[in-house]
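To start, the structure itself, in structure tokens.
The values are calculated or read from the model by the stated rules, or taken from the named source; none is laboratory data. Small disclaimer: the values here were computed from a predicted structure and weren't measured. Backbone-built Cβ (ideal geometry, glycine too); neighbour counts: all protein chains shown. In case anyone asks, the SASA skips ligands and DNA or RNA and just uses the protein heavy atoms, side chains included. Shrake-Rupley method; radii C 1.70, N 1.55, O 1.52, S 1.80 Å.
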Amino acid sequence: MFRVPFLVAISLVIAFGGGIVSTLVALEATSGFGSIKIGAWNAFPESQTIEADPYAKAHRADAGKLLYGTAEGLAFTAASDSSGQRLTGQCRYTLTGNLPPARFWTIYVADQQGNLLDDGSGRPIALNSRNLLHGPEGGVSITLASTATPFNWLAVPTNGDFKLVLTLLDTPIAGSAGLIDITMPTINKTDCGNA
């Protein structure tokens, strides 16, 4: 007598539960479609526009962060170095090269969800185009390490993985026309551990 309603209830739990779990897995697997990859850097130029795909819109709604219009800016992220190995606080890296043209840019150390990694110690976790020291030939040279270094330094967590978020504001490449020809700085591992 209760067999049919019980089987129907089990089927509905499996259907709804499976649908919710598969949706959450799909949202964690990607930030959306239409990404561009330049070296170690990724960007989603359409994620902030009305043409964004449903996954990008879901990430946008979940993050609750301020978005830039198509002509306002573009955010690049890097979770690995130029050789493809994940960025970790146990290693020291140098970020070198030229940045794409922009009126203003920022770079900061973030966790895997893109949240600023500020431990309250006062160590520099962000740099921008106004407080960066440039070398004699222009370009950037930034050391990423958990211990202090001279010149340009970004503090990274001593343990665990991190990623970099580079935001270009008021840049001509924010429109899709200039994305093909730009170069991004390289992220090279210099040493790890006590070496």
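The table that follows gives values for the structure above.
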| read-out | value |
| --- | --- |
| Portion, in percent, of the accessible area of the range 89-195 that falls on carbon or sulfur, probe 1.4 Å | 52 |
| Distant-in-sequence amide H partners of L99 (H built 1.01 Å from N, under 5 Å) | V140 |
| Among 9-22, 157-170, 118-131, 137-150, the order from most to least packed when residues are scored by Cβ within 10 Å on average | 157-170, 137-150, 118-131, 9-22 |
| Calculated FRET value between K37 and L133, using beta carbons and R₀ = 35 Å, to 0.05 | 0.75 |
| The range 114-172: translational diffusion in µm²/s, Stokes-Einstein, Kirkwood Rh over Cα pairs, 25 °C, 0.890 mPa s | 189 |
